[in-house]
Amino acid sequence: MLRALWPRGYLFTVLGIAVGMAGLVSLGAMAERITRFIDGGDRFVLGQISVAGEGMGMGTGFTAGGLLPAAKIAEIAHVPGVAAVQAQVMLPLSTTTSHFLTLTQELILGIDLSVPMPNRHYRALPVRAGRFLRPDDRRAVVVGADFAASRGLAVGGTLPLGSLPFTVIGVLDKTLTAPDRFAIVSIEDARDLWLRRDPLLVQVFGSGAGGLGRRDLNSGAAVGWAPGVDPDTLARRIQAEVRGVNVTIPGELSRLLRTSTAFFSALLFGIGALGLVIGGLSLSNTVTAAVFERIRDFGIKRALGATDLQLLGEVLGEALRVSVGGCAGGVALALALGFSVDARVFREGQQLFLFSPRLLLFALGFALLLGTLAAGYATLRIARLSPAEAIRRGS
Amino acid sequence: MLLRAVGLAKSYRGAGAEPIPVLRGVDLEVKAGEIAAIVGVSGSGKSTLLSVLGLLEPADGGEIWLDSERVSHLGRRAQARMRGARIGYVFQSFLLISRLTAWENVLLAARYVGRDRREAEQEALRLMERLDVLHRRGHYPAQLSGGEQQRVAFCRAVLNSPPLLLADEPAGNLDEDHARVILGEIRAQARERGTTVILVTHRAEAAAEADHVLRLQGGRLEPS
Ligand SMILES: Nc1ncnc2c1ncn2[C@@H]1O[C@H](COP(=O)(O)OP(=O)(O)OP(=O)(O)O)[C@@H](O)[C@H]1O
Ligand SMILES: [Mg+2]
């Protein structure tokens, strides 16, 4: 069966196409990886309204430095249209790294587990092993896929955070975006870590000065909206009605994110275009050359009575098999390449390639279309010659 | 089948702009079951004439009739049908397809005319047996001697028992014995099946088989 389908005498044609398609698929897989990252971040910020205390910090949302006291959280919850408010504490894992580039930074995220996850697009984070946190979990951590991979963590393992030992109770599936680098704990634990880090805070909260307590130790909150409510409008309403808070408008943040990733999008477009050109040229070139190489055979077949249509059918049939074979070879090559590269960078918790089904489908369609067009074109060129002429040219 | 050619002209574009006239008004009539031998010096245009008669390339002028049909003026598709169903060629340079075995090359003749495959295979077996190449059926052309290639090419040419057989030096590469076998086959095709045969040859004994011997000279055919 397979032998019958194998296009005999086309080994080098298939190999030639495979190399081009491997280029196309691996470049495409890198582009897909970046797209998924950008889209994932976008989905996240569009899924919730992030609120932070107005403070001395820079940045927006819960990466800002200000505190969001419990009273403010209660106020926000009363704004019409708000469905849920979840207090959060977000800390950079390493105190030495900068606060910038929070999308690629490793973070400790403490969340108030008594409130359901407010993010519309991440109602629950996908857990690959173990389970997610429950409200009464303490000194327990759920880690993102990259976070776990770079440290060799598994469920049951121990992760020291700020010199406190945490038990890993869950590992998340790869989301290819921010949560991959999160260590998620209960908000109580996060507050402990925060206090240990910042002796000044201990003084303030220990003394009860300014009427602040432990409950007020939040870096921000994620706000969910009721069905039918426009999030941007609601965000503006919160900003107007609640004093002393910093509200991010999801739509604006998304736009901001898009602008800041515009370079990547352009890069991506370049990579994709390059892949298409390389793969496309190699494929159409190889198929056309393979058809022209058989010009003498065409002459002979026409002498034996083959009509243009019969020849075209034969050529297209072979071109399709060659293109599919080349495409399969290219995909195999790209997968082998991609996985071996990813296996090397995996220890640093990186992934460079994403071989998505839509990418592979596109590559197959692309190969079929271009293979057909190239073969059809070459056949029509040859059909213009008389059989005798074709035989002479090909000899 | 009656083959009739009237005033065939053909010239090739030369190295310069000057066309090289090869055929300058060839008239020819061969009746069903007759063998016409064409002789002439090398380069006189014998292969060109066969190629034009076989609808492998268009003439610049003149007409070709098969029975009552003016085949020289048919459309592409109809000419392709003619070539497949009515005309068999034995090319001077065999023209086997190198990626196909001897067996597949012979059966290729049946592919485009929609002939029953089983029946064509039976016929191919008989022919290759008679021409002593059946034991080479699984070989590729490159693995065959010149004479073997020629015999395989002959089998392909007559597989469909075409009413018109055009043979360009069909015994050119063969030793006496095998040449006799092929010439015998050709004679049998003409005598038993009524095949019209045009035979380009240098061999005296081949010409002796023919009903007419014509000489191509100066772009015209003359009785020899
Ligand atoms: N495609 C072509 N382009 C230009 N000239 C050609 C072409 N084909 C043939 N000729 C010329 O036409 C003339 C006739 O060639 P042809 O092959 O018909 O000769 P021939 O009689 O079959 O010779 P031979 O006995 O050597 O086979 C030759 O002078 C040849 O050079
Ligand atoms: Mg010749």
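Couple of notes before you dig in:
- Residues located in region B:64-80, provided they are within 12 Å of another protein chain (Cβ to nearest Cβ) and open to solvent by less than 20 Å² (accessible area, probe 1.4 Å): B:Ala80
- Any chance B:Val113 is away from ligand 2 (no atom under 16 Å from the Cβ) and touching a strand residue (DSSP E or B) at 6+ places or on another chain (Cβ under 6 Å): no
- Qualifying positions in region B:38-63 - away from ligand 2 (no atom under 14 Å from the Cβ) and either more than 14 Å from every other protein chain (Cβ to nearest Cβ) or open to solvent by 60 Å² or more (accessible area, probe 1.4 Å) (or both): B:Pro58, B:Asp60, B:Gly61, B:Gly62, B:Glu63
The rows are residues; the columns are (1) closer than 19 Å to B:Leu49 by Cβ; (2) out of contact with any strand residue (DSSP E or B) (no Cβ under 9 Å at 6 or more places or on another chain); (3) among the charged types (D, E, K, R).
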site: B:Arg156; (1), (2), (3): no, no, yes
site: B:Leu174; (1), (2), (3): no, yes, no
site: B:Asp177; (1), (2), (3): no, yes, yes
site: B:Ala207; (1), (2), (3): yes, no, no
site: B:Ala210; (1), (2), (3): yes, no, no
site: B:Val213; (1), (2), (3): yes, no, no
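- Taking (1) under 30 Å from B:Gly75 (Cβ atoms); (2) in contact with an Asp or Glu (Cβ under 9 Å, 6 or more places away or on another chain) in turn, A:Phe355 satisfies each apart from (1).
- Selection status of B:Glu129, crowded, with 18+ Cβ neighbours inside 10 Å and more than 10 Å from chain A (Cβ to nearest Cβ): no
A quick yes/no check of all residues on (1) buried (at least 24 other Cβ atoms within 10 Å of the Cβ); (2) within 14 Å of chain B (Cβ to nearest Cβ); (3) among the acidic types (Asp, Glu):
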{"position": "A:Phe298", "(1), (2), (3)": "yes, yes, no"}
{"position": "A:Arg302", "(1), (2), (3)": "yes, yes, no"}
{"position": "A:Gly313", "(1), (2), (3)": "no, yes, no"}
{"position": "A:Arg321", "(1), (2), (3)": "no, no, no"}
{"position": "A:Val324", "(1), (2), (3)": "no, no, no"}
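- Candidates B:Ala179, B:Ala124: the one that is under 28 Å from B:Arg99 (Cα atoms) and touching a helix residue (DSSP H, G or I) at 6+ places or on another chain (Cβ under 6 Å) is B:Ala124.
- Any hit, region B:180-198, residues being within 14 Å of chain A (Cβ to nearest Cβ) and charged (D, E, K, R): no
- Candidate set: region B:1-37, residues that are exposed (fewer than 15 other Cβ atoms within 10 Å of the Cβ) and within 16 Å of ligand 2 (Cβ to nearest atom); chosen: the one farthest from the other protein chains (Cβ to nearest Cβ): B:Ile20
- Consider region B:89-135 and keep the residues that are basic (Lys, Arg) and more than 21 Å from B:Ile186 (Cβ to Cβ). The one that is farthest from the chain's Cα centre (by Cα) is B:Arg118.
- Test: residue in region A:282-295 that is open to solvent by less than 50 Å² (accessible area, probe 1.4 Å), under 30 Å from B:Ile87 (Cα atoms), at pLDDT 90 or above and assigned to a helix (DSSP H, G or I): yes
- Residue tally, condition open to solvent by less than 70 Å² (accessible area, probe 1.4 Å) and more than 19 Å from B:Gly88 (Cβ to Cβ), over region B:137-146: 5
- Selected residue [within 16 Å of ligand 1 (Cβ to nearest atom) and in a loop (DSSP other than H, G, I, E, B)] from B:Ser44, B:Ser98, B:Ser51: B:Ser44
- Scanning region B:81-95 for residues that are part of a loop (DSSP other than H, G, I, E, B) and touching a strand residue (DSSP E or B) at 6+ places or on another chain (Cβ under 9 Å), we see that the one that is farthest from the other protein chains (Cβ to nearest Cβ) is B:Gln92.
- Checklist (1) at pLDDT 95 or above; (2) surrounded by fewer than 19 Cβ atoms within 10 Å (Cβ to Cβ) applied to B:Asn105, failing item: (2)
- Within region B:154-224, strands (runs of 3 or more DSSP E) holding 1 or more residues that are basic (Lys, Arg), surrounded by fewer than 19 Cβ atoms within 10 Å (Cβ to Cβ) and within 16 Å of ligand 1 (Cβ to nearest atom): B:212-217, B:220-223
- Those residues of region A:196-243 which are at pLDDT 85 or above, of a type outside the set (Lys, Arg) and over 20 Å from A:Arg123 (Cα atoms), in sequence order: A:Asp216, A:Leu217, A:Asn218, A:Ser219, A:Thr233, A:Ile238, A:Gln239, A:Ala240, A:Glu241, A:Val242
- Helices (runs of 4 or more DSSP H) wholly inside region A:155-262 that include at least 1 residues being in contact with a Phe, Trp or Tyr (Cβ under 9 Å, 6 or more places away or on another chain) and open to solvent by 10 Å² or more (accessible area, probe 1.4 Å): A:187-197, A:199-207, A:231-241
The values are calculated or read from the model by the stated rules, or taken from the named source; none is laboratory data. The structure displayed is predicted, hence computed values, not measured ones. Neighbour counts run over all protein chains shown; Cβ positions are idealised from the backbone, glycine included. Areas reflect the complete protein model, heavy atoms only, side chains present, ligands, DNA and RNA absent. Shrake-Rupley method; radii C 1.70, N 1.55, O 1.52, S 1.80 Å.
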